[in-house]
Amino acid sequence: MNFRIVDLAETGSTNDWIAEHPENGLWVRADRQTAGRGRRARTWTSEIGNLFTSTLAAPQPGEGPSQQLSFVAANALLETVARWVPRDRLSLKWPNDLLLDGVKVAGILLEGHAQGVIIGIGVNLAHFPEGTERPATSLAAVGIAPPSAREACRTLAEAFAAHRRRWREEGFVATRADWLAAAAGLGKPIVARLGNADLTGTFDGLAEDGALLLRLPDGTLRPIHAGEVFTLGD
Ligand code: BTN
């Protein structure tokens with residue numbers, strides 16, 4: 001699919017901008033966001049030099065359920081950052097964080113829209129926020145010269161189109177296999193935090209609807225649809 005990128009100097013949130021300018025294949029990128037947001041209503045610090053971009057994915061014939069898009073986007077994000085960072089230093093954390101040396105370097109925020117799903121992606125290229133609840137890093141912080149946000153955005157839009165095509169043509173089997181090949185903690189003990197309760201088990205895989213499959217100590221599989229997961233020791 002062809003894409004087009006609109007570059008803005010500043011906006012509140014690129015997710016809001018794209019919601020107001022829904023157009024197939026359009027990506028918006030801002031140098032800076034004044035009201036960037038992350039999952040769980042967290043603020044997403046948005047300094048010049050990092051990537052802040054969003055697109056609207058309207059359902060296409062042959063595509064699976066929209067929850068699967070989150071993994072398509074995560075695969076594209078990993079492939080993008082792997083252009084500059086050795087792939088073995090990158091991993092994916094459910095549902096869709098990108099980790100560099102085990103520390104968060106990028107995140108994805110999916111939001112519903114009347115015409116499809118808005119996919120917002122933030123990558124810490126040059127800066128990372130300090131004093132956050134969970135530690136973060138950037139390419140620059142580990143000594144990797146970051147690309148410009150524009151270049152990173154073009155690479156991401158291309159990678160997303162390719163991964164979306166793979167999803168449409170080969171199904172979620174292919175997308176899930178890509179995602180699991182890079183997943184942090186697969187087969188290892190993890191804790192799923194559901195509200196105030198913690199469930200411990202083994203990270204066993206991904207369900208068709210994107211739920212994390214947690215193998216409980218009694219052998220049963222419990223799908224986790226929302227919440228946060230931690231590897232033991234996090
Ligand atoms: C997360 O990990 O919590 C998701 C972070 C998503 C941040 C991006 S930056 C571009 C887009 N606009 C926003 O306000 N948020 C997303």
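General remarks:
- Single condition L110 does not satisfy, out of (1) surrounded by fewer than 24 Cβ atoms within 10 Å (Cβ to Cβ); (2) assigned to a strand (DSSP E or B); (3) in contact (Cβ under 8 Å) with a residue 60 or more places away in the chain; (4) in contact with a Gly (Cβ under 9 Å, 6 or more places away or on another chain): (3)
- Of all residues in segment 199-225, those satisfying the criterion of being farther than 18 Å from P95 by Cβ and either in the same structural domain as S70 (by TED's automatic domain parsing) or out of contact with any Gly (no Cβ under 8 Å at 6 or more places or on another chain) (or both) are T200, D218, G219, T220.
- Subset of segment 37-57 [under 18 Å from the mean Cα position of the chain (by Cα) and either assigned to a strand (DSSP E or B) or modelled with pLDDT of 95 or more (or both)]: R37, G38, T43, W44, N50, L51, F52, T53, S54, T55, L56, A57
- Qualifying residue in segment 72-93 (condition: within 11 Å of the ligand (Cβ to nearest atom) and either polar (S, T, N, Q) or assigned to a strand (DSSP E or B) (or both)): yes
- Criterion: surrounded by fewer than 18 Cβ atoms within 10 Å (Cβ to Cβ), modelled with pLDDT of 95 or more and in a helix (DSSP H, G or I) - qualifying residue of A145, A162: A162
- Considering V28, V103, the condition of being of a type in the set (A, V, I, L, M), closer than 29 Å to A192 by Cα and either without any contact (Cβ under 8 Å) to a residue 60 or more places away in the chain or touching a helix residue (DSSP H, G or I) at 6+ places or on another chain (Cβ under 8 Å) (or both) is satisfied by V103 alone.
- Taken over segment 26-58, the residue count meeting the criterion of being in contact with a strand residue (DSSP E or B) (Cβ under 6 Å, 6 or more places away or on another chain), closer than 25 Å to D209 by Cα and more than 9 Å from the ligand (Cβ to nearest atom) is 4.
The values are calculated or read from the model by the stated rules, or taken from the named source; none is laboratory data. In this text the structure is predicted, and so the values were computed from the model without any measurement. With ideal geometry, Cβ positions are generated from the backbone for all residues, glycine too; neighbour counts draw on all protein chains shown.
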